[in-house]
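Below is one structure, written out as structure tokens; the observations come after it.
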């Protein structure tokens, strides 16, 4: 999710606005450096996934977190994933499966040099949070096959009926108590301190408050943010190695101030080509973005005056805008609720309900689905979701297909053609109304 | 017609009947009867049986169903079984179903559970989430509650009470059935020329449609008939098929592999028939017994988590050894995440055991068998001529 350390400047310079960007760049760079130095400094390394990550818990054991998904997307933005994916396919991995996985495995085969050019350490623990995605389970089996290291599995049941039952929560908590925490203690040599966890969760909740405020700022007209492309940057710290840190709290405080300033000035979102001038279309977006051609993709929106006012992708590593916060008073239960509540762990009817709510509350013109070949967890059922959302809101929806990090599946002309048709459709609907 | 031929003929009719006439007749024979559909790979059919209901496996539309509406629900990169399942539903072929269980096989089947909730809002729909943690007081406790919730859901649907004795009785019947299916597999491994893979397949498939009591009797009758007679023995090699646990291959594909010179001596077809590798105890708490047996005596597949790296892929090596096979054919449905993600690890396990293999993909409506026949034939020749 975290796409910050790109070489391309995101926006025109502005001293105040840059503070959060600078802060985030420093955080990310520090994390990669920490990963590179971890074993030299006697620290243990945990690999884990973004959805359902247990960052506060991992920090209780002084371990450094590495996120293979983030490496993959960062490599995608740096145009490295095409070669990595081909390498994995040469090794026998099917062309049909998730390209995040193949990018990661290809990177390992080519020396395990991370996106910033620094070597990545081997894992001491694969902390497999099996939340909302079956592929995660096989991905970490494949990594374990490479590294022969310890694995801790956290099976998070699926919210098929749109609610978290006591049985689901107890199951996750029991796994934490009886399997995950003992393994973290064993690997790290650090005894678990629940009060330390409470402190981190307290920090998390502060950052979450400000993140929600930032995301909900898109209810303003014009929206001061792009809640899809821009939000990828905003969710970076909280979806990764920084949730629960003071750095994250400070980052979101700075970000909120900057967004408030944009609202006060009536400004639209910052894009790679500067501030978006006129807001013509307000979209709710479902599905992950494409990373190999992200700027090209984003440009197709902002050059036509389209802003994404809410997205489901910004909820994939934690769903906070319907009230959930990490709760230091109930630390393990709170971690369980967090894992269970991640977006792709929701049933399709719940996902539809959420999209309809967004369209109504953010006064959107319609729904755009970017369907990702790699991600069945997101993609299977999206066509039905599209029709249901159209039916329930009366707003038009559109469907484009790309991939996360496989450049072979980004066809700029096709995507642009569909988007332009979609914007025309919105215009026609407006005129008809 | 010989008894074995009559039995297979019946199985073939059941297999080809996409209107599920047999299940419809079972339902209409007694007022109030209910039918519960389930998808691959595993559900605890004992609970459905104990509720007096008929579990019916919905394993896609095969190569006989033209998928028209179902394609409008899925992108091109999603496998075929969900789209043909939707087609079955939208064409009213599943209108007799009173409930549907979607096991935790993969993300596609998981999401299909939500789609079904919307397409058939009136029926009992449940995502059957089995534990991937195998500790008794963790995954076991969770699974006991899941089974209890299933029990209560079926009780509500049927307006009945499922007693522990009902459940024990059903457990015993399914224990017997698994034993018979395993015996069929043993017989086939011993004398594969007597039990062609297509016949074994159809017999297993019948188990998805018939009441368990009837299916067990069918297995007994078939095995009695088949052991009494003989069939010509061919100079085929012996292979294990891997990857066909969810979306089903066309029958012609199985036939083509055998015609190409391969006796299929083990496979992962319809694993629900053999999922539990030990009999579930019939004394004591039946739900806890089902849970404990599931945790410690389940078959291993691509759709489950293997906690022990040393054990990864060994189930396939063992299947090869147990059935005295000479090689493995990986045949996975296109876009099947579990099978295709698992495959490189399984291949490594086979490499470690010096077992040859080939791999290809299929869809349930694959029509061109010639490439598969050539590939399988070349594999068989290479084993027989050079021992690969």
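Computed from the coordinates by the stated procedures, all read-outs in this text should not be read as laboratory data. Fair warning: this is a prediction, and the values are worked out from it, not measured in the lab. Cβ sites come from the backbone with ideal geometry, for glycine too, and all protein chains shown count toward neighbours.
Computed per residue of the protein assembly as shown from DSSP H runs no shorter than four, each worth -39500 (n - 2.57), the mean residue ellipticity at 222 nm is -15500 deg cm²/dmol. Shielding by partners for peptide A:381-387, expressed as the average number of C-beta atoms from other protein chains within 10 Å of each residue's C-beta, is 6. Overall, the ratio between the Cα radius of gyration of chain B and 2.2 N^0.38 Å, rounded to two decimals, is 0.95. Based on alpha-carbon atoms, the Kirkwood radius and the radius of gyration of the range B:294-384 give Rg/Rh equal to 0.99. Two numbers describe the Cα atoms of the range A:270-323: Rg and Dmax, which are 12.3, 34 Å. Between the C-alpha center of the range B:103-131 and that of the range B:1-75 there is a gap of 17 Å. Compactness of the range A:291-433 is given as radius of gyration and Dmax, 16.6, 53 Å, from Cα positions.
Placing a label point 7 Å from the Cα of residue A:261 along the Cα-to-Cβ direction, the residues of the range A:172-215 whose backbone N falls under 20 Å from that point are A:210-215. Taking every Cα-Cα distance in the protein assembly as shown and sorting them into 10 Å bins starting at zero, the pair-distance distribution P(r) comes out as 2, 13, 23, 25, 19, 11, 5, 1, 0, 0 percent. Taking the three principal axes of the alpha carbon atoms in the range A:184-285, the coordinate ranges are 56, 23, 21 Å, sorted in descending order. The angle separating the long axis of helix A:348-361 from the principal Cα axis of greatest extent in chain A is about 50 degrees. Shape call for the range A:15-193 from the C-alpha gyration tensor, a ≥ b ≥ c root eigenvalues: rounded (a/c under 1.5), prolate (a/b greater than b/c) or oblate? Rounded, since a/c falls under 1.5. Computed from Cα positions, the angle between helix B:81-90 and the longest principal axis of chain B comes to roughly 40 degrees.
Take every residue in peptide A:88-96, count the Cβ atoms of other chains within 10 Å of its Cβ, and give the average of those counts.
On the way: counts 1, 0, 0, 1, 5, 4, 12, 4, 12.
For peptide A:88-96, the averaged partner shielding equals 4.
Remark: mean inter-chain Cβ contacts per residue of A:156-162 equal 6, using a 10 Å Cβ-Cβ cutoff to other protein chain atoms.
Per-residue packing, averaged as other Cβ atoms within 10 Å, sorts the ranges A:95-102, A:148-155 into the order A:95-102, A:148-155, beginning with the highest.
Extension gain for the segment residue A:39 to residue A:391, taken as residue separation times 0.36 nm less the Cα-Cα distance, is 121.2 nm to one decimal. Along the Cα-to-Cβ line of residue A:280, 7 Å from the Cα, sits a label point; which residues in the range A:374-410 have backbone N less than 14 Å from it? Counting only backbone N, you get no residues. Among rounded, prolate and oblate, which fits the range A:101-201 when a ≥ b ≥ c are the square roots of the eigenvalues of its C-alpha gyration tensor, a/c under 1.5 means rounded, and a/b larger than b/c means prolate? Judged from the Cα gyration tensor, the range A:101-201 comes out oblate (a/c at least 1.5, b/c at or above a/b). Note on the range A:237-343: Cα Rg divided by 2.2 N^0.38 Å, N the number of residues, gives 1.26. Available extension along the chain between residue A:185 and residue A:329 is 49.6 nm, counting 0.36 nm per residue and deducting the alpha carbon span. One Cα centroid belongs to the range A:360-395, the other to the range B:141-205; the line between them spans 39 Å. The Stokes-Einstein estimate for the range B:31-160, based on a Kirkwood radius over Cα pairs and taken at 37 °C with 0.692 mPa s viscosity, is a diffusion coefficient of 213 µm²/s. Between helix B:3-16 and chain B there is an angle of about 70 degrees, using the helix long axis and the longest principal axis of the Cα atoms. Can you figure out the FRET efficiency of residue B:163 with residue A:429, using R₀ = 56 Å and their beta-carbon distance, to the nearest 0.05? Approximately 0.45, to the nearest 0.05.
Modelled this way, with points 7 Å down the Cα-to-C-beta line, the labels at residue B:360 and residue A:303 are 4.6 nm from one another. For the pair residue B:148 and residue B:348, a Förster radius of 41 Å applied to the C-beta separation gives a FRET efficiency near 0.55, rounded to the nearest 0.05.
If the segment from residue B:183 to residue B:19 were pulled out straight at 0.36 nm per residue, it would be longer than the present Cα-Cα gap by 56.0 nm.
Between residue A:25 and residue B:95, the distance separating the two model label sites (each 7 Å from Cα on the Cα→Cβ line) works out to 6.5 nm. Using a cutoff of 8 angstrom between alpha carbon atoms and counting only pairs six or more residues apart, the relative contact order for chain A works out to 20 percent.
The listed peptides B:292-299, B:349-356, B:227-234, ordered by packing as a protection proxy, come out as B:292-299, B:349-356, B:227-234 (highest mean of other Cβ atoms within 10 Å first). Once you put a point 7 Å from the Cα of residue A:219 and another 7 Å from the Cα of residue A:353, both along the Cβ direction, what distance in nm separates them? According to this spin-label approximation, the distance is 1.9 nm. Comparing Cα centroids, the range A:402-433 and the range A:200-270 end up 27 angstrom apart.
Legend: calculated FRET efficiency, residue A:79 to residue B:297, from the Cβ-Cβ distance at R0 = 60 Å, rounded to 0.05, equals 0.75. For a modelled paramagnetic label at residue A:195, 7 Å from Cα along Cα-to-Cβ, the residues of the range A:331-345 in reach, with backbone nitrogen under 19 Å, are A:331-332.
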